[in-house]
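A.B. asks: Attaching a single structure in structure tokens format; questions to follow.
What follows is calculated from the coordinates using simple rules that are stated; it is not laboratory data. From a predicted model like this one, the values you see are computed outputs, not experimental measurements. Heads up, the Cβs are rebuilt from the backbone with ideal geometry, glycines too, and the neighbour counts pull from every protein chain shown.
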Amino acid sequence: MRLVKHKTPTGRPHRVAELLRERLALILLFKCADPRLKEVTLTEVEMSPDLRQAKVFYVTRENVDRDLVQIALDKAQGFIKAEVARENLFRLMPEFHFLPDPGLDRAARLEELLKEAGAATDSNKKDDD
């Protein structure tokens, strides 16, 4: 039997992703003029192994329209790239893909399902009494 090693996100792409997440968060918070971008929290950056693609996952506050934030991120992408380029982090600038983080939505949905299951269990116990 042969054991299969699963690669954990370590190494250079992971280190670059963490550094990029920190820099992007600072750029969004302090250098972007659009107030919609102040409502964004970057949760994770996934870099491709060749460092040419960066998936930037974000969440917004509850009362903020995600579509408007996505439009603002797309509009500010040129400015964001210029700011990252100014810091000389990369030889070749990666393509940024800003994506809403599905993790919190999944967690909220799971919590909702657990509450429904708990309510169904409670009502079944009352019916049995």
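A.B. asks: Under 5 Å between amide H atoms, partner at least 5 residues away or on a different chain: which partners does residue 58 have, H built in plane at 1.01 Å?
C.D. replies: Sorted by chain and number, the residues that satisfy this are 43, 99, 101.
A.B. asks: Let me ask something else. Where in region 65-105 are there trypsin sites (Lys or Arg not before Pro) that are in a DSSP coil and have at most 16 other Cβ atoms within 10 angstrom of their Cβ?
C.D. replies: Sites meeting the loop and neighbour criteria: 91.
A.B. asks: Need one number: nm distance between label points at residue 75 and residue 104, each 7 Å from Cα along Cα→Cβ, rounded to one decimal.
C.D. replies: 2.1
A.B. asks: Still on this structure: Which aspartates and glutamates does residue 31 reach when only Cα atoms under 18 Å apart count, and residues fewer than 8 places away in its own chain are ignored?
C.D. replies: Filter leaves 22, 39, 74, 83, 87.
A.B. asks: Equivalent-ellipsoid semi-axes (√(5λ), Cα gyration tensor) for region 1-107, whole Å, largest first?
C.D. replies: Working: eigenvalues 136, 74, 20 Å².
Rounded to whole Å, the semi-axes are 26, 19, 10.
A.B. asks: Please compute the length gained on full extension between residue 93 and residue 68, using 0.36 nm multiplied by the number of residues separating them and subtracting their Cα-Cα distance.
C.D. replies: 6.4 nm
A.B. asks: Give the relative contact order (percent, whole number) for region 48-122; include only Cα pairs under 8 Å separated by 6+ residues.
C.D. replies: It rounds to 48 percent for region 48-122.
A.B. asks: Given a Förster distance of 35 Å, report the FRET efficiency between residue 115 and residue 14 from their Cβ-Cβ distance, rounded to the nearest 0.05. All intermediate terms of the calculation are to be shown ahead of the outcome.
C.D. replies: Values: r = 35 Å, r/R0 = 1.01.
That gives a FRET efficiency of 0.50.
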